[in-house]
Amino acid sequence: MFKKFLLIVIFFSGFHSIYAGVIINEIFYSPTSKQWIEIYNDSNDAIDLTQYKILDAGAAINGHGISLCSGLLSPNSYAIIAKVPEDFSNPTFALCKSALGIKSTAEDTVILKINSETVDTVLVPEGSAIGGDSFQLINGSWSGAPPTPGVENITSSNNENSNESSDVENNSSNSTSSNSSSSSSKSSKKTETVPLKPKLRIIAPKVVFINTPFELQSEMIGGEKGKYFWNFGDGNTKETKDVETFSHTYFYEGEYLISLEHFPKNLSKTPDLTAEVMVKVVPMSVSISRVGDQKDFFIELINNTAYEVNVSGWILSSLDKKFIFPRNTVILGKKKIILSPKVTNFDFLDKNNLKLNDQEGQLVFEYGKSLVKPKVAKRTTQISPTVSDSNISTNEGLVLEENIIPNEDLLAQTLASNKDNISYLWTLVALGLISISSIAVYFIRSKKISNQLGHDFDILDE
């Protein structure tokens, strides 16, 4: 019995050791639309990240699933779990997708789990990594620093550690004077650190929708504060100071080149850094495709585009009722979502008044106006075989189609026909009166003339 218990303990301890080797190494959470988490596999086994979940403020109970991984996470390797994996071109690391929802304006806790077991937990303080920085695990401590996706988090502290070890070796073999020289050489090594070359980057989605605001942000790495000039390619421009997040809206379909220039001083005329990004603008096409009946009045929404649509903050309304979609609600391209009446509180009486508005209050779809009117039905008449004296011919298979007009349309046509008939009758009456009048005048004039001709002659007796 003891041996069986020991085997179970060993099995589960080994099982847990695999999970214990997977840690959260870096968190990029601002802006929220571009969030990603770096995972490091410190175990000796390849890891399937699709078996894991990430919990944050956006999904604190059930967590966010991990999908579309480019491969397994190899031992001693890094993986990036991104909200927008397309932001990483030609990655040399495992790349996955997840609908992250880490808070950027308040403290949050990020948890990595598998099978309800917590693997790693990171407390992310408010403002710990903003302005283009990420929250990184460096030498056992978490701090903000320029992002290093897919590679080791490195700072000048690594140089300090290596120099300290060399100092210990010098102390064991040299005198006090040699210690002072080694410390001076350590400080000189710090000054020899090559500074990062300043980089300017535009953070923006690759695909946006017509009449739908989207988030834009500039990212400066290793540079100084200054003035930014934006050109959105649609005739609109904008000037900002320092790194700033704002929204922009395109009103027409097409591809637009967004350019960004950085000026080190307000009076500078020539930019020292530039960046460009192409944005594709497509029509928005989300509709209410189906609703339920009196027993179960569900509401089905369909995304008719090939791109995922974030409907967070959208409003589904009917007269005095309203349902607001919670944040991080996404409809994938060419997919549907079904809302239960237990969630929306709508019922069958709301059917003809359902409206869908975006977060700006603009009407996206109105279900009542989309209801298709009944089409004109067709009745088929089978002609019976006919027989003639000269020959016998059968009209087999000959079918005549005649339109059956709905009662309301038939009534309208009858009224229109009666109106036309009345007009026609009045015309005939008028023509008849004119004809009778003309004939009467003719006969009166003829009689008068004949009388006058009779008095012009005298009869003479001879």
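Just a yes or no: is a residue in the stretch 106-117 touching a Gly at 6+ places or on another chain (Cβ under 7 Å) and surrounded by 12 or more Cβ atoms within 10 Å (Cβ to Cβ)? If you could, list the steps in order and put the result at the bottom.
Let us first name the residues in the stretch 106-117 that are touching a Gly at 6+ places or on another chain (Cβ under 7 Å), namely 113.
Now restrict to residues that are surrounded by 12 or more Cβ atoms within 10 Å (Cβ to Cβ): 113.
Yes, the stretch 106-117 contains a residue that is touching a Gly at 6+ places or on another chain (Cβ under 7 Å) and surrounded by 12 or more Cβ atoms within 10 Å (Cβ to Cβ).
Collect the residues in the stretch 293-321 that are among the charged types (D, E, K, R), surrounded by 12 or more Cβ atoms within 10 Å (Cβ to Cβ) and at pLDDT 95 or above, keeping them in residue-number order. Working first, answer last.
Narrowing the stretch 293-321 to residues among the charged types (D, E, K, R): 293, 295-296, 300, 308, 320-321.
Now drop any that are not surrounded by 12 or more Cβ atoms within 10 Å (Cβ to Cβ), which leaves 300, 308, 321.
Matches in the stretch 293-321: E300 only.
Looking at V281, is it closer than 27 Å to L356 by Cα, touching an Asp or Glu at 6+ places or on another chain (Cβ under 6 Å) and in contact (Cβ under 8 Å) with a residue 60 or more places away in the chain?
Values: closer than 27 Å to L356 by Cα: yes; touching an Asp or Glu at 6+ places or on another chain (Cβ under 6 Å): yes; in contact (Cβ under 8 Å) with a residue 60 or more places away in the chain: yes.
Yes: the conditions hold for V281.
Inspect all residues belonging to the stretch 111-122 and state whether any of them is touching an Asp or Glu at 6+ places or on another chain (Cβ under 6 Å), among the acidic types (D, E) and over 13 Å from I24 (Cβ atoms).
Going residue by residue through the stretch 111-122, those that are touching an Asp or Glu at 6+ places or on another chain (Cβ under 6 Å) are 112.
Filter again for among the acidic types (D, E), leaving none.
No: the stretch 111-122 contains no residue that is touching an Asp or Glu at 6+ places or on another chain (Cβ under 6 Å), among the acidic types (D, E) and over 13 Å from I24 (Cβ atoms).
Name every residue in the stretch 284-308 that is closer than 14 Å to K351 by Cβ, outside any loop (DSSP other than H, G, I, E, B) and not polar (S, T, N, Q), in order of residue number.
I288, R290, V291, I299, E300
Residues I61, I80: which one is within 24 Å of F214 (Cβ to Cβ) and at pLDDT 85 or above? Give the derivation first.
On the way: I61 fails: within 24 Å of F214 (Cβ to Cβ).
Of the residues listed, the single one that is within 24 Å of F214 (Cβ to Cβ) and at pLDDT 85 or above is I80.
For P271, indicate whether it is within 23 Å of G132 (Cβ to Cβ), of a type outside the set (S, T, Y) and touching a Phe, Trp or Tyr at 6+ places or on another chain (Cβ under 7 Å). Please lay out each step first, then the result.
On the way: within 23 Å of G132 (Cβ to Cβ): yes; of a type outside the set (S, T, Y): yes; touching a Phe, Trp or Tyr at 6+ places or on another chain (Cβ under 7 Å): yes.
Criteria met by P271.
Restricted to the stretch 90-112, and to residues that are of a type in the set (A, V, I, L, M, F, W, C) and not in a strand (DSSP E or B), which residue is farthest from Q136 (Cα to Cα)?
If we filter the stretch 90-112 for residues that are of a type in the set (A, V, I, L, M, F, W, C), which is where we start, we get 93-96, 99-100, 102, 106, 110-112.
With the extra rule that they be not in a strand (DSSP E or B), the set shrinks to 93, 99-100, 102, 106.
Numbers: F93: 17, A99: 20, L100: 17, I102: 15, A106: 18 Å.
The qualifying residue farthest from Q136 (Cα to Cα) is A99.
I'd like the full set of residues that are assigned to a loop (DSSP other than H, G, I, E, B) and of a type in the set (G, A, S), limited to the stretch 242-283.
First, pick out the residues of the stretch 242-283 that are assigned to a loop (DSSP other than H, G, I, E, B): 242-244, 249-253, 264-272, 283.
The answer is S268, and nothing else.
I'd like the full set of residues that are touching a residue at least 40 places away in the same chain (Cβ under 8 Å) and buried (at least 18 other Cβ atoms within 10 Å of the Cβ), limited to the stretch 72-86.
Correct list: L73, Y78, A79, I80, I81, A82, K83.
For residues that are more than 21 Å from S370 (Cα to Cα), outside any strand (DSSP E or B) and of a type outside the set (F, W, Y), tally how many sit in the stretch 309-326.
3
The values are calculated or read from the model by the stated rules, or taken from the named source; none is laboratory data. Here the structure is a predicted model, which is why all the values come from computation and not from measurement. Cβ: placed from backbone, ideal geometry, glycine included. Neighbour counts: every protein chain shown.
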